[in-house]
There are 2 protein chains.
Amino acid sequence: MKIRPATDADRDAVWKIFHEVAATGDTYALDPNISREDALAYWFAPGTHTYVAEQPAIGIAGTYVLRPNQSGGGSHVANAGFMVSANARGQGLGRAMAEHCLSEAHRFGFGAMQFNYVISTNTAAIRLWQDLGFEIVGTLPDAFRHPEKGYVDVHVMYRSLIA
Amino acid sequence: MKIRPATDADRDAVWKIFHEVAATGDTYALDPNISREDALAYWFAPGTHTYVAEQPAIGIAGTYVLRPNQSGGGSHVANAGFMVSANARGQGLGRAMAEHCLSEAHRFGFGAMQFNYVISTNTAAIRLWQDLGFEIVGTLPDAFRHPEKGYVDVHVMYRSLIA
């Protein structure tokens, strides 16, 4: 597996993954009908570092973004978002991208990383973040309307990057 | 005092307040040097309801925004942001705008309201939100670099709007 910065040539592959994740609608608070243009504008926004993960057999199977979570006095805290193609789940792609992301965040000099919106039913993600040193620092009651489970809680997760 | 939706004619007055708040840099994580164009694009973004508060003696002295905090499955939770001109502080403008905002959020059918980034040193705001039924549901350690106090905590505050 190779993880590298995304280029313009990756936009089709990124949109395919993004569209699949948004349409499923159970891990991100995104409009399931978001347009390709709006999706790519968000994922490749100015100030956002965008990466892709390539699997030898299936090509680009994952993508992530790394960016400041806030401007001004909040810009030392990073935010990140991860998406994995459904046909590449359970192969450690999420963990590999997360470790790559933490390393990049260190390299850019961020002092902490925050996930603003970890849906409580996404237990695989929560376990992975906890395993990588993130803690649940807040819970938003009933903040996400899950397509099958109805209103469920959302967690805010946080990790210092200073040793 | 009159609180009403902002119009294009209010842009100069809104920018004056926004610039003052951003430049002070102790209550919002905003670039203190943000341009007028970027500031107004943010405050008048598509999907954002923007309001102004007029004081008889001094004209437009406050402004607030109300919008969905997330898209898709998170769009039933509102987010809001408030700014008051320095020369109008301590006159109840913040509380009046907040009460107006909660009423508007009810009217639009939001089920809850979330503040993502309440800086812990902004004790007047925290007291006001608590008085209006908001609770601190999370704390981000050292997430804000205060211009005088160094790294300080940031709170996530939340309130259900369902009786």
For this session: Only residues that are in contact with a Pro (Cβ under 9 Å, 6 or more places away or on another chain) and of a type in the set (A, V, I, L, M): list them for the range B:30-60, please.
Result: B:52
Problem set entry | Test: residue A:19 is under 29 Å from residue A:148 (Cβ atoms) and either touching a Leu at 6+ places or on another chain (Cβ under 9 Å) or of a type outside the set (D, E, K, R) (or both) | yes
Exercise. Would it be correct to say that residue B:21 is hydrophobic (A, V, I, L, M, F, W, C) and within 30 Å of residue A:121 (Cβ to Cβ)?
Worked result: no
For this session: Would you point out which residue out of B:63, B:121 is part of a loop (DSSP other than H, G, I, E, B), modelled with pLDDT of 95 or more and of a type outside the set (Lys, Arg)?
Result: B:121
For this session: Give the residues of the range A:13-48 that are in contact with a Gly (Cβ under 7 Å, 6 or more places away or on another chain), farther than 18 Å from residue A:116 by Cβ and not in a helix (DSSP H, G or I), sorted by residue number.
Result: A:32
For this session: May I ask you to list the residues in the range A:50-73 that are closer than 27 Å to residue A:160 by Cβ, away from chain B (no Cβ under 14 Å) and touching a residue at least 24 places away in the same chain (Cβ under 8 Å)?
Result: A:50, A:51, A:53, A:62, A:63, A:64, A:66
For this session: Among the candidates A:1, A:97, A:83, single out the residue that is touching a residue at least 60 places away in the same chain (Cβ under 8 Å) and over 17 Å from the mean Cα position of the chain (by Cα).
Result: A:1
For this session: Tell me which residues, restricted to the range B:56-74, are surrounded by fewer than 17 Cβ atoms within 10 Å (Cβ to Cβ) and either more than 21 Å from residue B:89 (Cα to Cα) or not hydrophobic (A, V, I, L, M, F, W, C) (or both).
Result: B:56, B:59
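The values are calculated or read from the model by the stated rules, or taken from the named source; none is laboratory data. Nothing here was measured: the structure is a model prediction, and the numbers come from that model. Because the Cβ atoms are built from the backbone with ideal geometry, glycine has one as well, and the counts that use them run over all protein chains shown.
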